[in-house]
Amino acid sequence: MVGDAGLGKSRLVAEIVRTLRAAGHRVAFGEAQAFGRNTSYLIWREPLMSVSGDTFISDLTLADFEIFDYVLAMDRENREILASLCPAGYEERLSLFLDYAPDLGIEEVPDPYWGGEQGFEQVFDMLEAASLGLLEEIRSRL
């Protein structure tokens, strides 16, 4: 999430973490890093690297497509940027995060700031649904 201080970004993240931990999930989180002039929303990169013991690398590398089974984008524009960087043979690892919540009927995570407090709640619900769908997908592959 990107926005001025005081708009509720930390609160939204704290609520996501609290809800997932209360449901018995282990949670690791980190910051999405800016990529070029766009925000890449590589939201799983830092958490997965922290869980695996690797140090955080600030720039996306081609090796990331080899290391991670899932490379997720929050919107189509950033998915296109990631697709342009993706080495041949790894395209199936790239998707939109909300692909894991097809019942929502939308493809992109909207900016929560446009909806006031209700916007944050709606985005939280979307991210929670996509997270659960992603976990279900991962479990099905084990």
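Hey, any hits in segment 93-109 for a residue that's under 15 Å from the mean Cα position of the chain (by Cα) and at pLDDT below 80? Before you say what the answer is, go through the steps one by one.
Of segment 93-109, the ones under 15 Å from the mean Cα position of the chain (by Cα) are 93-101, 107-109.
Applying the additional criterion that residues be at pLDDT below 80 yields none.
No, segment 93-109 has no match at all.
One line per residue, one yes/no per condition, for (1) closer than 22 Å to Lys9 by Cα; (2) in contact with a Lys or Arg (Cβ under 6 Å, 6 or more places away or on another chain); (3) charged (D, E, K, R); (4) surrounded by 14 or more Cβ atoms within 10 Å (Cβ to Cβ):
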site	(1), (2), (3), (4)
Ser84	no, no, no, no
Tyr90	no, no, no, yes
Leu94	no, no, no, yes
Tyr113	yes, no, no, yes
Phe124	yes, no, no, yes
Ala129	yes, no, no, yes
Leu135	no, no, no, no
Ile138	no, no, no, no
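Confirm whether Asp64 is among the charged types (D, E, K, R) and touching a residue at least 24 places away in the same chain (Cβ under 8 Å). Working first, answer last.
On the way: among the charged types (D, E, K, R): yes; touching a residue at least 24 places away in the same chain (Cβ under 8 Å): no.
When the stated conditions are applied, Asp64 does not pass them.
Just give me the residues in segment 15-32 being exposed (fewer than 14 other Cβ atoms within 10 Å of the Cβ), among the hydrophobic types (A, V, I, L, M, F, W, C) and modelled with pLDDT of 75 or more, in sequence order.
Once the filter is applied, which keeps residues that are exposed (fewer than 14 other Cβ atoms within 10 Å of the Cβ), among the hydrophobic types (A, V, I, L, M, F, W, C) and modelled with pLDDT of 75 or more, segment 15-32 yields Ala22, Ala23.
Restricting attention to segment 61-80, and to residues there that are crowded, with 20+ Cβ neighbours inside 10 Å and among the aliphatic types (A, V, I, L, M), which single residue is farthest from Val109 (Cα to Cα)?
Selected residue: Val71.
The values are calculated or read from the model by the stated rules, or taken from the named source; none is laboratory data. Keep in mind that what you see is a predicted model, and the values were worked out from it rather than measured. Neighbour counts are summed over all protein chains in view; Cβ atoms, including those assigned to glycine, are modelled from backbone coordinates with ideal geometry.
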